[in-house]
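Participant: One structure coming up, written as structure tokens, with questions to follow.
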Amino acid sequence: MDSEGKITRRRALLAGGGTLAFGGGVAYVASRSGSSEQRYVPATSHTSDETSGFGVELAGRPIAGERDAPVDIYYWTDYLCPFCKKFEAETFPELGQNYIDTGDVRLVALYMPNIGRYSMPAAIWGRCVWSQVADTEPSAFWNWHSAAFDEQPNSGKDWADDETFAGVTERTDGVDRSAVERCRQERGESIRESMDPNLAVAYEARIQGTPGFVIYNRESGAVVKAVGAQPYENFADAIDRVLQS
Amino acid sequence: MSETRSVAGRGWSRDLRDALVYPLTSNLRLLSAAVATVVTYAVLVLSSFPQFSIQVLTNDPADVVYAVTALTREVYLSTGWFGIGLVAAYAVLTGVATINALALVRRARRRGASTFVGVLPGVLAAGCASCGAGVLGALGFVGAMAALPFDGNLLRVGGIALLLFFLGRAGDPRTCSIAGARDG
């Protein structure tokens with residue numbers, strides 16, 4: 001071919017167009033929200049002062065589902081984590097309706113502050129909100145939890161501050177902001193310290209990022225670990241395997 | 001002195017231009033550069049959260065598109081347009097550098113092992129793609145990129161600068177250059 005070894009106009013146009021298409025494709029995928037903006041509020045929630053068979057301390061942690069559910073899901077999250085928001089919007093509602101509300105699974109919300117400077121204060125907000133509503137109106141926590149994730153903007157992590165979380169708390173029905181603020185001031189440090197044992201459990205399970213999950217059969221001790229906002233089908237397969245083992 | 005430097009600079013930019021357009025010299029090279037770009041992009045993005053990528057891909061390799069799109073969004077949300085733009089630029093440059101490095105290695109093999117030193121910059125240009133955006137994640141340091149200045153964008157900029165430097169050093173892989181001749 002005579003064009004071999006030469007830069008032809010056709011190839012130059014092809015390369016330019018291809019580069020533009022590649023850049024445009026990346027931009028399209030990056031900016032596509034994809035989340036269905038669903039919110040999930042578990043039919044039942046409960047508290048526990050026990051340590052689970054897997055070694056997770058349950059005291060003061062939000063637990064969705066029935067107390068005697070055969071499978072536990074330990075869910076390490078961070079309100080600043082975009083991948084956690086994806087899980088919350090796209091997978092959690094289906095997971096909740098098909099496994100938590102049916103009594104097969106209980107999900108324990110745990111914090112792994114790892115994204116930004118406000119990750120830890122955000123986690124303390126979460127724990128304080130739960131402690132305020134756990135016995136009276138636990139659904140208020142899950143509404144607050146979803147609303148906190150909804151605050152994530154399209155980019156950056158400077159959005160997270162006292163003002164944003166105070167606003168979410170103020171707007172969530174059933175949550176008393178002054179009680180939550182008092183908890184943050186009086187118990188903030190002890191809550192921070194109390195996260196260490198469960199973080200150690202996560203690291204021991206080689207959970208290296210958020211969202212991180214351990215799916216645990218409370219009777220047989222079977223365990224499956226999952227990391228990231230995986231498709232719903234992957235979670236369903238993992239839960240089914242753990243349920244049957 | 002400054003004149004020498006500006007001559008060297010002009011020589012480098014001419015060589016960089018020659019290196020960047022080399023894949024346009026044949027259909028096969030252009031196609032190979034495109035494939036290398038897409039593969040590099042996928043590897044860079046997947047290595048931003050290796051544990052997730054491995055789990056999704058071992059569960060069902062067909063989910064590679066899901067993993068790449070989910071992590072593209074994640075990288076954008078974590079580092080903004082600048083960060084995702086750098087990753088895309090990194091992939092394009094690596095696509096070019098890979099094709100150029102392959103041409104250099106093929107030429108070196110024809111001429112004997114001693115020529116390998118001469119092609120080293122070009123090979124480094126391709127190999128260096130892993131030293132920026134990907135390697136920290138791939139080594140399992142999750143959060144390492146986020147902890148770095150500008151969420152790791154500084155490292156990505158450094159990697160791109162290195163790629164451009166080596167591409168400019170190597171020039172068109174079909175031509176020979178005598179080290180030092182251009183540097184005065």
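The values are calculated or read from the model by the stated rules, or taken from the named source; none is laboratory data. These numbers come from a predicted model, not from an experiment. Glycine gets a Cβ as well: all are built from the backbone with ideal geometry, and neighbour counts include every protein chain shown.
Participant: Please pick out the residue among A:Ala109, A:Ala123 that is crowded, with 19+ Cβ neighbours inside 10 Å, closer than 20 Å to A:Gly60 by Cβ, aliphatic (A, V, I, L, M) and free of Cβ contacts under 8 Å to residues at least 60 places away in the same chain.
Facilitator: A:Ala109
Participant: Can you pull out every residue in segment A:227-244 that is under 21 Å from the mean Cα position of the chain (by Cα) and among the polar types (S, T, N, Q)?
Facilitator: Selection gives A:Gln230, A:Asn234.
Participant: Another question, if that's okay. Can you name the residue in segment B:5-59 that is more than 30 Å from A:Arg10 (Cβ to Cβ) and either charged (D, E, K, R) or loosely packed, with under 15 Cβ neighbours inside 10 Å (or both) and, of all such residues, is nearest to the other protein chains (Cβ to nearest Cβ)?
Facilitator: The selected residue is B:Ile54.
Participant: Sticking with this structure for a sec: Mind telling me which of the residues A:Gly167, A:Gly228, A:Gly188 ends up being within 20 Å of A:Cys81 (Cα to Cα) and either surrounded by 15 or more Cβ atoms within 10 Å (Cβ to Cβ) or within 14 Å of another protein chain (Cβ to nearest Cβ) (or both)?
Facilitator: None of the other options fit; the residue is A:Gly228.
Participant: Right, another one. Is it fair to say A:Arg182 is at positive phi and free of Cβ contacts under 8 Å to residues at least 60 places away in the same chain?
Facilitator: No, not satisfied.
Participant: Continuing with the same structure: Taking segment A:126-156 on its own, how many of its residues are touching a residue at least 60 places away in the same chain (Cβ under 8 Å), within 14 Å of chain B (Cβ to nearest Cβ) and more than 15 Å from the chain's Cα centre (by Cα)?
Facilitator: Summing the residues that are touching a residue at least 60 places away in the same chain (Cβ under 8 Å), within 14 Å of chain B (Cβ to nearest Cβ) and more than 15 Å from the chain's Cα centre (by Cα) in segment A:126-156 gives 1.
Participant: Here is a follow-up. Is it the case that segment A:206-218 has a residue that's over 30 Å from A:Ser31 (Cα atoms) and either exposed (fewer than 15 other Cβ atoms within 10 Å of the Cβ) or free of Cβ contacts under 8 Å to residues at least 40 places away in the same chain (or both)?
Facilitator: Yes, because at least one residue in segment A:206-218 is over 30 Å from A:Ser31 (Cα atoms) and either exposed (fewer than 15 other Cβ atoms within 10 Å of the Cβ) or free of Cβ contacts under 8 Å to residues at least 40 places away in the same chain (or both).
Participant: Would you be able to tell me the number of residues in segment A:10-30 that are surrounded by 14 or more Cβ atoms within 10 Å (Cβ to Cβ) and more than 7 Å from every other protein chain (Cβ to nearest Cβ)?
Facilitator: Here the count works out to 2.
Participant: Could I ask something else about it? What's the number of the only condition in (1) surrounded by fewer than 16 Cβ atoms within 10 Å (Cβ to Cβ); (2) without any contact (Cβ under 8 Å) to a residue 60 or more places away in the chain; (3) within 13 Å of another protein chain (Cβ to nearest Cβ) that B:Phe82 fails to meet?
Facilitator: The number of the failed condition is (2).
Participant: Given the conditions (1) closer than 20 Å to B:Ala70 by Cβ; (2) part of a loop (DSSP other than H, G, I, E, B); (3) at pLDDT 90 or above, report the number of the one that A:Phe22 does not fulfil.
Facilitator: Exception for A:Phe22: condition (2).
Residues are listed down the side, and each one gets a yes or a no for (1) surrounded by 17 or more Cβ atoms within 10 Å (Cβ to Cβ); (2) more than 23 Å from A:Asp173 (Cβ to Cβ); (3) more than 18 Å from the chain's Cα centre (by Cα); (4) within 14 Å of chain B (Cβ to nearest Cβ):
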| site | (1), (2), (3), (4) |
| --- | --- |
| A:Thr44 | no, no, yes, no |
| A:Asp49 | no, yes, yes, no |
| A:Gly65 | yes, no, no, no |
| A:Ile100 | yes, no, no, no |
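Participant: Which ones in segment A:76-112 are within 25 Å of A:Arg32 (Cβ to Cβ) and either in a loop (DSSP other than H, G, I, E, B) or hydroxyl-bearing (Ser, Thr, Tyr) (or both)?
Facilitator: The answer is A:Thr77, A:Asp78, A:Tyr79, A:Leu80, A:Cys81, A:Thr91.
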